[in-house]
Structures are given as structure tokens and as C-alpha cells.
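What follows is a set of notes on a single structure, which appears directly below.
Here, each number is a calculation from the coordinates, and none is a lab measurement. As the structure is a prediction and not an experimental result, all values here were calculated from the model. In this analysis, Cβ positions are derived from the backbone assuming ideal geometry, glycine residues included, and neighbour counts consider all displayed protein chains.
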Amino acid sequence: MLIAIIYVFYVGYGEKCMTEVGTTYRVQGDIQVLSQVVESYKSDTGLLPDSLNDLVGEYIKVLHSDPWGVDYHYEQQNGEFKIFTLGSDNKEGGIGSATDLSRDTDFDRLIEYIKEPIFGCNV
């Protein structure tokens, strides 16, 4: 019986947590790469791109969407830019997989939070 409970916990919660951690790492990597590409574009042209689509071709082969199939959001103003995802719900705010993620996100802290028992797992 104990083995069955442990198996259900691992499959039910452990797998979910591994997925959440993996998704978080993917978003972190995507945002880092896109940010570096935007910086390269700015270095070459002296301007920020109007949209991430301006990068396709010369700066990046394919513009991937976030893990939930939505294009990454891009905003630029006064020489600064922000690349972000609104998470699984594609709405501002949210917790868990619906958390908004950007370059300003403390990804290490977020991953540690996901690993906490209160979230439902210990990865």
C-alpha cells in the first residue's frame, strides 16, 4: 500500500513539478536568447526592433512561441525593451504556471519555490 501511495505521489505530483521546472527553464532560456538577439539588432542598427518579427531572417531563424503556444510579448519604450510571457492563462498576473515571466523574473527563486513541498512536490 505504501508503495502505491509513493507511486501516485511521484507520478501525480513529481511529474507535474518536473514539467513546471522544465517549462520555467525553457522560458528563461528563450527570453535570454531573444534579449541577446534584440541587443545585437540594437548594436547593429542603433535602434530597437519594432517587433520580434523584425529579427527573423538575419538575426534569428525562427521565432518560437512560449510553452503554451502564444508568441512572446515584446514592448519597447525610451530605448528600453521588455520580452515576456503571460504564462499558461495568457492574462496579466497569476500564480503557478500562469505566472508572468520576463527578464526581470528571479528564475532561481521561482524554481526553488516550485520545488517546495507546499507547491506539491520535492524535486
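Between Lys115 and Leu63, what FRET efficiency comes out of the Förster formula 1/(1 + (r/R0)^6) with R0 = 25 Å and r the beta carbon distance, rounded to 0.05? Please report the intermediate quantities before stating the final value.
Details: r = 31 Å, r/R0 = 1.23.
Approximately 0.25, to the nearest 0.05.
Efficiency by 1/(1 + (r/R0)^6): what FRET value for Asp104 and Leu47, r their Cβ-Cβ distance, R0 = 35 Å, to the nearest 0.05?
Numbers: r = 22 Å, r/R0 = 0.64.
Between Asp104 and Leu47 the formula returns 0.95.
In nanometres, what is the gap between the two model label sites at Gln77 and Glu39, each 7 Å from Cα along Cα-to-Cβ?
Output for this residue pair reads 2.3 nm.
Under 5 Å between amide hydrogens, which residues at least 5 positions from Asp100 or on another chain qualify, with H placed 1.01 Å from N in the peptide plane?
It is Gly93, by chain and number.
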